[in-house]
Every structure is written in structure tokens, then in C-alpha cells.
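The values are calculated or read from the model by the stated rules, or taken from the named source; none is laboratory data. What you see is a predicted model; the values in this text were computed from it and never measured. All Cβ positions, glycine included, derive from the backbone under ideal geometry; neighbour counts span all protein chains shown.
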Amino acid sequence: MKKIFLTLIISVIALSVFSQQEYLNATSDVKVYKGGGTYKVKTYKQKFKSEKPKNVVLMIGDGMGVAQVFAGLTANKGHLFLDNFRWIGFSKTQSADNYITDSAAGGTALSSGIKTFNGAIGVDLDTVPVKTILEEAEEKGLATGLVSTSAITHATPASFIAHQASRNYYEAIAADFLKTDIDVFIGGGYNHFAKRMDGRNLIDELQEKGYKVLQDINEIKKVKNGKLAGLVAPIHAGRLNLRGDLLPVATNTALNILKKDEDGFFLMVEGSQIDWGAHANDTEYIIEDMLDFDRSIGEVLDFASKDGETLIVVTADHETGGMAITGGSMDTGEVVGAFSTKDHSAVMVPVFAFGPGAENFTGIMENTNIFKKIEELLIKN
């Protein structure tokens, strides 16, 4: 009987892991994006109130290399909100144990400033927890937030708030949220809080800690203050045609809540599914999520240009797909993509910065240096 019970537990865990990582097995023949709707890109002033920021927004385009950025730029007929970023560098993404990083090690490098092994969430090579920039911001009395189009328990957002030896420990990662005072988090992953193997109902526990727990983005966007847990999907949010403007709306909602803290804030926003489109070698999927991410960058730029005290850093944890662009048109927005792999690649990824302190993010740097530069500007100033 014990063997049967153990087998059942293992099967449930395996099913949970599979449902989180279905995108890794996706395939596509969509190599050409024929062009579609475009949006107007605004130019923002580059005058700021101080040399160092009061707030920092770190925006991670998962899997976003230079080709993904240029594919989006071409699709929008020559312009992105990223055009506003004058300070540009490159990040080396290698993990401690692999020339090609995964999102967990890549996220941990960005969140904590340490190189670790692939699969690790907020721990070092000996699986000892390392303090994240979000936790340092909390200790300093700043407001904090996370936004993602994946499950909020997925590797990248998890690496800013959790400490686990494996990215697959989704329920343990969800429980780690309760050990923090994060002000707002919006993403998928409801099941890891509410339908758990250990029987804990983290939804009740979040509410006891004062969080509004909501699942409908139309209700979430109405929240202007207090603590908010927006869990918009059982696991991951769907593709753009299903989730709509979830990411820009969630980003704007988080900013509206966090700006109430007079001491400042740290916010991480992830455009998760650029990576998923690249895993599938799907040019159209990449572009739709690249443009969705760029529109979210536009939301933050609009806030930061008015605020004058907010640093925005846009980068990636790694590149995915080994993407190349073999044809296209700035006039029609057509993009022809080609791919060298269905996995991650080892190439450097871009780093863009806007706002007070942006000049620090130029040249070729280790991914861990992004954490160190943000820490120096936001925490140690």
C-alpha cells in the first residue's frame, strides 16, 4: 500500500512538472511573420531629478537576444519603446556549472549576484540561500513587486523571492512567498497556492496577512493600494490571443500600488513567453510576445519619465533558439526567422537602461554585475 501511495505522489509531482514545462516540447512551422498591427512609439525626455534612483524596475525578456529585439522592431515597422534607452551594454549569461544557463541560474544571477548551478532558485553551489535584491529592498523599507506572464512560481520570478535547490519545487516556492512582505505579485500559478499536495491553503494564509487575492485581471487592475496577490491562471497565462493586455495592465497596476511608498520600490517584470516562442522556433510567437513586452516597457517609461527618480533596466536571462533573421521588410513588418536550436544558446544578451544611474549599464558585463550595480544604486545609496 505504501508503494502504491508513493507511486501516486511521484506521478502527481511529475504531472505538475510536465504541465509547467509543456512549452519545451512545442513545435512550429511558423518561421515567417507576415506583418500585423503596429503601435505608436513615444519619445520620452531624458531629464531626471537625481543621479541615483529612488525606484528600480528590472524588466526581463526571457530568452530575448538581439535577434528577438530586432524582429520586434521590424514587425513594428522600425521603432520600439526600447528606442528610448540610450545606455546599452551586453551581459554574459553562463551559469556556474554550464556554458549555457537555464532560467533558474540566470534569474538567480540577476536577483542575487552569484553564479549557481542550472536549476537552482536563490541558492548558491552548496544550496545555501542567498539574499536577493527584492529581500534587500524589503530590509531597507522599500516596497516590492513581481509581475510575470508565466506562473509566478516559475524559474525567473521565483529566483527573486524563493530559495530552493530545484526550480521544480513549485509548491515549496509558493510557500516561500509567505516568508516575505512582498507588496504585490501578479502572474499565474494559482494551483500552487490553492491545490497543494500538503493540504495547505496558501490563499487563506495570504488573506490572513492582509493580501487581496484576485484572479480576474479586470478586478486586479482596480486595486490602487494595499497588498495584492493576483493569480490569473491555474499554471501559466495563455498566449497573447488568450491573455490580451495582461502584462502591460499588470505592470501598470503594480506601479500604481508601489508608488504609494514614499521610500521607493523595487519591481521585477518578466515577459516570459518570448522564450517559449523561441523554444518552439515560432517567429510569430516570438514577435507577439516581444511586442507585448515592449508595450509593457512603454508603461514603465511613461511612469519613469514623469517620476524622474526611477531607473529602468531591461535585459534577458539568456537567449533562446539561436535565432537569426534571414529576411523581412521595415515597410510591411514581415520577418523571416531561422533557428539553430530549440534550446537556449550561449550568446550575450543586451542590457538597456533609462533613468538616474543608467550610465552604469554599458559595456560587456557578467550577469551578476547587473545585480551589483542595482544594489549599489538602490540599496547602498
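Scanning the range 305-316 for residues that are in contact (Cβ under 8 Å) with a residue 12 or more places away in the chain and either assigned to a strand (DSSP E or B) or surrounded by fewer than 24 Cβ atoms within 10 Å (Cβ to Cβ) (or both) returns S305, D307, G308, E309, T310, L311, I312, V313, V314, T315.
Within the range 62-79, the set of residues being assigned to a loop (DSSP other than H, G, I, E, B) and either basic (K, R) or over 13 Å from V335 (Cβ atoms) (or both) comprises D62, M64, G65, K77, H79.
Would you be able to say whether some residue in the range 268-280 is aromatic (F, W, Y), within 20 Å of the chain's Cα centre (by Cα), within 30 Å of N381 (Cβ to Cβ) and not in a loop (DSSP other than H, G, I, E, B)?
Scanning the range 268-280, I find no residue that is aromatic (F, W, Y), within 20 Å of the chain's Cα centre (by Cα), within 30 Å of N381 (Cβ to Cβ) and not in a loop (DSSP other than H, G, I, E, B), so the answer is no.
Quick one: would you say I220 is modelled with pLDDT of 95 or more, aliphatic (A, V, I, L, M) and within 12 Å of G188 (Cβ to Cβ)? Taking the combined requirement at face value, the residue does not satisfy it. Selection of first residues in the range 317-328 that are more than 30 Å from F160 (Cα to Cα) and touching a residue at least 40 places away in the same chain (Cβ under 8 Å) and of second residues that are outside any strand (DSSP E or B) and polar (S, T, N, Q), restricted to Cβ pairs under 8 Å at least 6 apart or on distinct chains, gives the following pairs, ordered by first then second residue: A324/S340; I325/T74; G328/T74. The condition of being at pLDDT 95 or above, touching a Phe, Trp or Tyr at 6+ places or on another chain (Cβ under 7 Å), crowded, with 24+ Cβ neighbours inside 10 Å and of a type in the set (F, W, Y) holds for only one of F361, F293, that being F361. Among the residues of the range 138-149, is any among the acidic types (D, E) and without any contact (Cβ under 8 Å) to a residue 40 or more places away in the chain? Yes, because at least one residue in the range 138-149 is among the acidic types (D, E) and without any contact (Cβ under 8 Å) to a residue 40 or more places away in the chain.
Here the condition is being among the charged types (D, E, K, R), closer than 24 Å to N84 by Cβ and at pLDDT 90 or above; of K47, K31, it holds for K47 alone. Checked against (1) surrounded by 21 or more Cβ atoms within 10 Å (Cβ to Cβ); (2) under 23 Å from N360 (Cβ atoms), A104 passes all but condition (2).
Here is a yes/no grid of residues against (1) of a type outside the set (S, T, Y); (2) under 26 Å from S103 (Cα atoms); (3) more than 16 Å from the chain's Cα centre (by Cα):
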{"position": "I297", "(1), (2), (3)": "yes, yes, no"}
{"position": "V300", "(1), (2), (3)": "yes, yes, no"}
{"position": "K306", "(1), (2), (3)": "yes, no, yes"}
{"position": "G321", "(1), (2), (3)": "yes, yes, yes"}
{"position": "G327", "(1), (2), (3)": "yes, no, yes"}
{"position": "V335", "(1), (2), (3)": "yes, no, yes"}
{"position": "F339", "(1), (2), (3)": "yes, yes, yes"}
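Of all residues in the range 110-132, those satisfying the criterion of being closer than 17 Å to L146 by Cβ and not polar (S, T, N, Q) are L110, I121, G122, K131. Given the structure, is A137 part of a helix (DSSP H, G or I) and in contact with a Lys or Arg (Cβ under 8 Å, 6 or more places away or on another chain)? It is false that A137 is part of a helix (DSSP H, G or I) and in contact with a Lys or Arg (Cβ under 8 Å, 6 or more places away or on another chain).
Counting the residues of the range 83-102 that are in contact with a Leu (Cβ under 8 Å, 6 or more places away or on another chain) and of a type in the set (G, A, S) gives 1.
Within the range 249-262, can one find any residue that is at pLDDT 95 or above, touching an Asp or Glu at 6+ places or on another chain (Cβ under 8 Å) and closer than 25 Å to G35 by Cβ? No; the residues of the range 249-262 include none that is at pLDDT 95 or above, touching an Asp or Glu at 6+ places or on another chain (Cβ under 8 Å) and closer than 25 Å to G35 by Cβ. For the range 96-113, residues that are more than 15 Å from D275 (Cβ to Cβ) and more than 18 Å from the chain's Cα centre (by Cα) total 4. The residues in the range 97-125 that are free of Cβ contacts under 8 Å to residues at least 24 places away in the same chain, hydrophobic (A, V, I, L, M, F, W, C) and either closer than 13 Å to I370 by Cβ or in a loop (DSSP other than H, G, I, E, B) (or both) can be counted, and the count is 1. If I ask for residues that are under 18 Å from the mean Cα position of the chain (by Cα) and part of a loop (DSSP other than H, G, I, E, B), which ones from the range 140-165 would you list? Passing the criteria: I152, T153, H154, S159, F160, I161, A162, H163. Among the residues making up the range 73-96, those that are free of Cβ contacts under 8 Å to residues at least 60 places away in the same chain and closer than 22 Å to F371 by Cα are S95, A96.
If the condition is being of a type in the set (K, R) and out of contact with any Ser or Thr (no Cβ under 6 Å at 6 or more places or on another chain), then the range 61-88 contributes only R86.
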